[in-house]
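Chemist: Quick one: structure below, then a few questions.
Where a number appears in this text, it was derived from the coordinates with a stated rule and is not lab data. Note that the structure is a prediction, hence the values are computed from the model and not measured. Here the Cβ is made from the backbone with ideal geometry for all residues, glycine too, and neighbour counts use every protein chain on show.
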């Protein structure tokens, strides 16, 4: 993970993963400059259109949430909140039933 954070291009990843990280990096840095060639490179590395759509959607949503949190001053939950949420999701799932 540390190698990926330093530079995904030299990290011990598959070429397929590097192609996806290249696309996500460009989406973060210059999304208005993504071209067909960028998508074609990721596709030729083995990514489907659906997987690329999902990756770019997650990237965009994280950017939105980070901007929204920064702009509104909303604070992150403490670690205990994430732990409690994880336990609840593991035992009850996302949807609560009215049994």
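Chemist: Would you mind telling me which residue in 87, 18, 26 has the biggest mean-square fluctuation in a Gaussian network model of the chain, where springs connect alpha carbons within a distance under 10 angstrom?
Modeler: 87
Chemist: Rounded to whole Å and ordered largest first, report the semi-axes of the equivalent ellipsoid of segment 1-56 derived from its Cα gyration tensor (root of 5λ).
Modeler: 18, 14, 9
Chemist: OK, next. Please find, in a Gaussian network model of the chain (springs between Cα atoms separated by less than 10 Å), the residue of 54, 40, 76 whose mean-square fluctuation is greatest.
Modeler: Among 54, 40, 76, the largest mean-square fluctuation in the Gaussian network model of the chain belongs to 76.
Chemist: Note the full-extension length gain between residue 77 and residue 94 as 0.36 nm times their separation in residues minus their Cα-Cα distance, in nm to one decimal.
Modeler: Net length gain for the segment: 4.3 nm.
Chemist: So the label point goes 7 Å from the Cα of residue 37 along Cα→C-beta, right? Which residues of segment 44-60 then have their backbone N under 17 Å from it?
Modeler: 44-45
Chemist: Go ahead and set up a Gaussian network model of the chain, Cα springs under 10 Å, then flag whichever of 53, 65, 82 fluctuates most.
Modeler: Maximum fluctuation in the GNM of the chain, among the listed residues, is at 82.
Chemist: Can I ask one more? Based on C-alpha coordinates, I'd like the Rg and Dmax of the chain, in Å.
Modeler: Over the chain's Cα set, Rg and Dmax evaluate to 17.6, 53 Å.
Chemist: Could you compute the FRET efficiency for residue 84 and residue 14, with r as their C-beta to C-beta distance and R0 at 35 Å, rounded to 0.05?
Modeler: The computed FRET efficiency comes out at 0.45.
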